[in-house]
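Written below as structure tokens is the structure these notes are about.
Values in this text are rule-based calculations from the coordinates and carry no lab data. None of these values were measured; they are calculated from a predicted model. Here the Cβ positions follow ideal geometry from the backbone for every residue, glycine too, while neighbour counts run over all protein chains shown.
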Amino acid sequence: METKRMAGPYEITHAIHIGDREIVLGENPADTDGVPYMCSYCEANDILARYYDAIGSEDYAEVVAAFGERIREQAEKTRAELRQERLGDEDDCPITEKDCIGISSEDDLNHKVVVIRADVLRPEYRTANRQLRLCTGGFGASPHSRGSACYCRELRSGRQSRFERRDILGVMEVDRLPQWAKDGLAAIEQAEKKLQGVSREAR
């Protein structure tokens, strides 16, 4: 049986996630206070969800209009951000199997540049500059491991994220990386060495 997604007393009936925000529309048919419909933003992780900047009304059309307007605003904001981070024509297209080296259960992915499958990323992020990551650890990075989590740092931003081993399309040789990716890799490795040095000094 499918579990209903709830925000307090409201059942979430529609949700759109684009860029760094999710916009949701909810309904509470049992409401007695005159606000059976609501629209809000949502931030969530694997454990908790936070709904904020909510708009409530008894007028469904009014709330749907707010839902649509927030989607439009967030889409425009995301498009502007993606234009700013655009690194070259070759980065507008996703990396495919023919562009990287496939992996098997025998491969150790620790400290390798990996390519995330485009279809596990949200549509607006299915480009090379979001697929290329440095795998920094996790049980899934080791061969024949029972675990599947792989922790990665995005070469573009250095931001850390978690993927499953099955989400990884392949690995990329460093000499085949575009210059921006080589620069990002060097920056991540330099930051890790500095952190290791600080850790040794603290002992």
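What's the extension gain from D175 to R146 if we count 0.36 nm per residue and subtract their Cα-Cα distance?
Values: separation 29, 0.36 × 29 = 10.44 nm, distance 3.16 nm.
That pair, D175 and R146, stretches by 7.3 nm at full extension.
Could you give log10 I(q)/I(0) at q = 0.12 Å⁻¹ for the chain, computed by the Debye formula over C-alpha point scatterers of equal weight, without solvent?
-0.77
Sort largest first and round to whole Å: the equivalent ellipsoid semi-axes of the stretch 89-201, each the square root of five times a Cα gyration tensor eigenvalue.
Numbers: eigenvalues 92, 69, 30 Å².
With the √(5λ) rule applied to the stretch 89-201, the semi-axes are 21, 19, 12 Å.
What is the sum of charges, Lys and Arg at +1 and Asp and Glu at -1, for the other residues whose Cβ falls under 12 Å from the Cβ of R5? Walk me through the intermediate numbers first.
Details: positive: K4; negative: E2, E11, E22, E27.
Taking every Cβ under 12 Å from that of R5, the sum is -3.
Given a 10 angstrom Cα cut-off, can you work out which residue in A49, A187, A80 is the most mobile in a GNM of the chain?
Ranking A49, A187, A80 by mean-square fluctuation puts A49 first.
Work out, step by step, the length gained on full extension between K193 and D59: first 0.36 nm times the residue separation, then minus their alpha carbon distance; give nm to one decimal.
Values: separation 134, 0.36 × 134 = 48.24 nm, distance 5.72 nm.
Answer, rounded to one decimal: 42.5 nm.
Using the Karplus equation 6.51 cos²θ - 1.76 cosθ + 1.60 (θ = phi - 60°), what ³J(HN,Hα) coupling, rounded to whole Hz, does each residue of the stretch 112-123 give in order, writing x for Gly and Pro?
Result, rounded to whole Hz: 9, 7, 10, 10, 7, 4, 4, 6, 8, 8, 5, x.
Rg and Dmax of the stretch 39-127, Cα atoms, in Å?
Answer for the stretch 39-127, Rg first and Dmax second: 19.2, 58 Å.
As an exercise, identify the trypsin sites (Lys or Arg not before Pro) in the stretch 71-152 lying in DSSP coil whose Cβ has no more than 16 other Cβ atoms within 10 Å. Each step should come with its number before you reach the end.
Details: sites: R72, K77, R79, R83, R86, K98, K112, R117, R126, R130, R133, R146; in loops: R86, K112, R117, R126, R146.
Listed in order of number, the matching sites are R86, R146.
Could you work out how far helix 60-85 tilts from the main Cα principal axis of the chain, as a 0 to 90 degree angle to the nearest 10?
The two axes meet at around 20 degrees.
Could you give the length gained on full extension between D33 and R122, defined as 0.36 nm per residue of separation minus the Cα-Cα distance, in nm? Write out the running numbers ahead of the final one.
On the way: separation 89, 0.36 × 89 = 32.04 nm, distance 3.71 nm.
Gain in length upon complete extension: 28.3 nm.
Long-range amide H contacts for S148: which residues qualify at under 5 Å (H placed 1.01 Å from N, peptide plane, sequence gap of 5 or more or a different chain)?
G140
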